[in-house]
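These notes are about the structure you will find just below.
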Amino acid sequence: MPEAPRNAAAAAGTSPVGTWVDHHVYSVVASLGRLFRKPWSAALTIGVMAVALALPLGLWLVLGNVARLGGSIDASRQISVFLVQDVEIARVGSLADELRGRADVGAVEHRTPDEGLAELRERGEFGDAIDAIDENPLPHVLIVTPAGDEMQLVQALRALPEAELVQHDTQWRQRLDGWLQFGGRVVWVLAALLGLGALLVVGNTVRLDIQSRREELGVLQLLGATDGFIRRPFLYLGAWYGLGAGAVALALLGVAGSALQAPLAELAASYGTTFVLRGFGPVDAALVLVASTALGWLGGGIVTGHFLRQTRPTET
């Protein structure tokens with residue numbers, strides 16, 4: 001069976017590669033033009049896809065910011081060793097050196113009673129009480145950062161005769177890590193479900209466009225047009241839908257982040273700290289656009305492939 005596009009290219013003296021490139025360029029422009037010819041329908045499709053994409057992306061951002069709010073891993077693993085009051089300063093220094101020599105210890109910081117008292121004074125809440133004290137009641141404190149098994153190190157520190165209290169609260173961090181892992185799994189489940197929904201939306205939209213051009217496509221098939229020639233405009237149509245949905249989803253998340261930034265800053269300030277919501281960086285945003293474009297391309301390809309299999313002329 002002759003192929004009309006190739007024959008036309010040969011008659012015009014154009015190489016097959018040039019024809020292939022020209023048709024890709026034409027498909028990109030023509031598919032974009034079809035979007036603008038039906039702006040409300042296109043906006044509705046892109047909006048539905050954008051919401052479906054924004055939900056898992058927003059949850060992923062929330063989990064990332066919660067992890068940052070929980071503090072760094074090293075800071076949350078630190079062990080505070082409060083020494084007895086009558087320990088000599090020379091012994092405190094030698095004890096810190098001994099701990100630094102352990103393989104399961106990453107770092108040791110010595111905080112003197114005067115430094116602890118100055119820190120309390122800077123907070124401003126205990127100024128009057130500190131001024132009324134004649135003698136500094138605070139002990140020497142060694143802040144130990146583990147480099148190995150935390151629980152084994154805690155047991156060794158509690159066994160020190162100079163240690164009066166060893167403070168190591170990792171239960172909250174373990175629970176937070178558990179919730180973050182669970183949340184990460186929820187993100188993947190939502191991404192799969194809502195991604196499938198977005199795929200169905202763009203597939204149905206492309207299907208309606210194919211139905212409106214069914215006679216035109218039938219003529220092209222009778223003239224010998226290849227499946228790739230027929231499929232290309234619809235692939236790019238789906239890609240434009242996906243790209244638009246990804247851009248709108250990023251915009252929605254940006255607006256939501258801006259709306260939450262001020263109250264979150266006030267809440268963080270009430271706890272004496274600063275916290276800024278972190279959104280998508282340029283690389284992450286580019287990956288989101290690429291993924292959403294690929295999703296639209298896939299939806300258009302699936303529907304167009306199904307149509308071509310149904311309408312392919314049978315050879316006699």
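Nothing in this text is a laboratory measurement; each read-out follows from the coordinates by a stated rule. Quick caveat, the model's predicted, so the values are computed rather than measured. Methodologically, a virtual Cβ is constructed for each residue, glycine included, from the backbone with ideal geometry; neighbour enumeration extends over all protein chains shown.
Could you check the spin-label model distance between L193 and E88? Points 7 Å from the Cα along Cα→Cβ, value in nm.
Rounded to a tenth, the inter-label distance reads 6.8 nm.
Give me the extension gain from L264 to I143: residue separation times 0.36 nm, minus the current Cα-Cα distance, reported in nm with one decimal.
40.5 nm
Where does each of 259-267, 43-51, 232-240 land if you order them by average Cβ count within 10 Å, highest first?
Values: 259-267: 11.7, 43-51: 19.4, 232-240: 24.7.
Result, highest mean Cβ count within 10 Å first: 232-240, 43-51, 259-267.
Any idea how far apart R309 and D22 come out in nm if each label point goes 7 Å out from Cα toward Cβ?
3.3 nm
If you take every residue apart from G244 with its C-beta less than 14 Å away from the C-beta of G244, what net charge results, scoring Lys and Arg +1 and Asp and Glu -1?
Result for the neighbourhood of G244: +2.
What number comes out for the charge environment of E88, summing +1 per Lys or Arg and -1 per Asp or Glu over other residues with Cβ under 15 Å away?
In short, -4.
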